[in-house]
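Reading through the structure tokens given below for one structure.
The values are calculated or read from the model by the stated rules, or taken from the named source; none is laboratory data. Predicted, not measured: the structure shown is a model, and the values here were computed from it. No Cβ is skipped: glycine too gets one built from the backbone with ideal geometry, and neighbour counts run over all protein chains shown. Heads up: the accessible areas ignore ligands, DNA and RNA and are worked out on the full protein's heavy atoms, side chains in. Shrake-Rupley method; radii C 1.70, N 1.55, O 1.52, S 1.80 Å.
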Amino acid sequence: MKFSQQSHLDKRKKGDVLVIPFWKGKKGVKSASSLGNNFQKFLNPVLSTRDFKGNEGEVLFQYIDDQVERRIVLLGLGEEERLSKESLRLTYGTVSKQLIQKRLQHLNVIIPEQDLLPDNQLIQAITEGLLLPNYHFYRHKQLDSEDQPLLLESIQWIGKDKNALEISQEVALVIESVNYARDLVNGNADDVTPQHLIECAHDISKTHTSIKTKVLHKKDIEKEKMGLLLAVNRGSFRDPALIIMQYQGNPKSKDLTIVVGKGVTYDTGGLNLKPTGGMETMKSDMAGGAACFGAILSAAKLKLKVNLTVLIPTTENSIDANSFKPGDVYVSYTGKTVEMTNSDAEGRLILADALAYACKKYQPTRILDIATLTGAIDVALGPEASGIMSTNDELAQFLIQAGQSTYERLWRMPLFEEYKEVLKSDIADIKSWNGRSGSSNVAATFLRAFVDESIPWAHLDIAGTAYLEKPKKYMAKYATGFGVRLIVEFLKLLARS
Ligand code: BES
Ligand code: ZN
Ligand code: ZN
């Protein structure tokens, strides 16, 4: 995406369309920028009809005989006092989808004048609204050239905001990483395999030398005795891996954030095979791992002054004569024995080994994990929020704040001590699953048993938000890249604190 800026309307360069913002005022529609007033000649006849009311997300196309743009768009921002980052994302997302549909690629965008939000938040939200819909996944679809979507290519800001260019360029870098994550999640499970993820990690290190990649291959995983990751991998003909990527943006500091992302490249459920209707979206079961890729990529591109290590345990959960067997006991990396009560509860197994390994080898300041862990979190919260379970209020609060700001919202769920009771096993130190009751929180409680108690930890369950079966606001359906913007915002908050 190319950005440019002009402070005066008459200096602007050619574009496909000019986007002019309006408020819904008490007495009718009101220009949201003094620059918009230059178009009175074209606007008066339109506005006098009162067809256009300036409602949030209202879009009206006008075709004009002008050398600079042939189209203008009247864009409603809603009532000025109700402006928010999310209302901006929504509004600009709506217009963006329509522009993409019309195959318009070069936008001239008049920046609204307002006092409610800091300027940087205004530009950030507008850019996110314009760019988040600017993605498609038609890799496998044969389309006539007319139907090939053309994505937006350039945005020319018109207005005086000092940091508009810098901020929008930053947002675009983060959204590139969001789309990187989306591509991985949308890709076929037979293409996006553990081996493919390993290659991705190495490629990322090659282009971003500030990111170091280390991979534990099957032999190393055996040597380290990660019995749970190996158990889940038994049914797969593809080897597992533990991918580790490190970014040191603040080498003088010992502060270290670790994020562990679930990388199940396909979840059949194993011997507790998923039914028809439950399996078809399970190429998305590595979305937590994909978010880790996106987050570390963003950290490197933005040169954030933080230290971030991501770990992605990755394997398929396949069904095979060699699959691990419900009822059997396996020994985890920590030495704790686990009674496997359901082979479809595979995410917590591979995360348990990776979390324990991360705590032991790196002693991080804080540790997060992000995973499409339980269908129950989708039942509880739907696609509106991901669940967060945490042993540390301050860490939880920071993450929830980052969630508010990016609108990748988090809703805190409990980690009651009583959940530990239901995971007691007669034949092993812990069991992996105990039925549907409190399923998301019990799953988190299982993970908790493998995290060093002295390290603040938070678990993000993104099973309801990572992959949409219907489009939502400015998000196309399928992979959302949930977690990338959230983690980046969280790291920025950390760097500032
Ligand atoms: N990958 C699934 C969770 C999931 C479900 C993600 C739906 C996205 C959409 C996970 O491994 C799983 O199978 N969980 C089971 C838990 C149970 C059988 C132990 C579930 O939630 O149904
Ligand atoms: Zn499963
Ligand atoms: Zn799974």
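Annotations
- Entry comment: accessible area of the range 408-467 is 47 Å² per residue, from protein heavy atoms only and a probe of 1.4 Å.
- Close lysine pairs were tallied over the range 324-478: pairs 8 or more places apart or on different chains with Cα atoms under 15 Å apart number 6.
- Across every direction, the projection of the convex hull enclosing the Cα atoms of the chain has a mean area of 24.7 nm².
- Note on Asp426 and Gln404: the model spin-label points, each 7 Å out from Cα along the C-beta direction, lie 4.9 nm apart.
- Calculated diffusion of the range 386-434, Stokes-Einstein form, Kirkwood radius summed over Cα pairs, 10 °C and 1.306 mPa s, µm²/s: 126
- Rounded to 5, percent antiparallel among DSSP beta bridges of the chain: 45
- Kirkwood Rh in Å, taken over all unlike Cα pairs in the range 1-156: 16.0
- log₁₀ of I(q)/I(0) at q = 0.10, 0.13, 0.17, 0.24 Å⁻¹ - the range 419-497, Debye sum with one point per alpha carbon: -0.40, -0.64, -0.88, -1.09
- Computed P(r) (all Cα pairs; the range 29-120; 10 Å bins; percent): 14, 50, 33, 3
- Accessible surface of the range 126-269, 1.4 Å probe, proportion on carbon and sulfur as whole %: 48
- The per residue volume of the convex hull around the alpha-carbon atoms of the range 162-246 is 118 Å³.
- Cα-centred dipole magnitude for the chain, charges only on beta-carbon of K, R (+1) and D, E (-1), debye, nearest 20: 1100
- Along each principal axis, Cα extent of the range 185-229, largest first, Å: 32, 29, 13
- Solution diffusion estimate, µm²/s, Stokes-Einstein, the range 307-346, Kirkwood Rh from C-alpha pairs, 4 °C, viscosity 1.567 mPa s: 106
- Check: the range 345-433 dipole with +1 on Lys, Arg Cβ and -1 on Asp, Glu Cβ, in debye: 240
- Here the range 86-220 has an Rg and Dmax of 18.5, 60 Å, counting Cα atoms alone.
- Cα-based convex hull, the range 357-421, per residue volume (Å³, whole number): 119
- Annotation: for a label point projected 7 angstrom from Cα along Cα→Cβ of Asn163, residues of the range 78-106 with backbone N closer than 20 Å are 84-89.
- Amide H contacts for Arg412 (H built 1.01 Å from N in the peptide plane; partners 5 or more residues away or on another chain; cut-off under 5 Å): Ile388.
- Note that the range 482-487 has calculated 3J(HN,Hα) couplings of 3, x, 5, 5, 4, 5 Hz, one per residue in order, obtained from phi through the Karplus relation 6.51 cos²θ - 1.76 cosθ + 1.60 (θ = phi - 60°); glycine and proline are x.
- Cβ-based net charge around Ile64, under 13 Å, with every Lys or Arg adding one and every Asp or Glu removing one: -1
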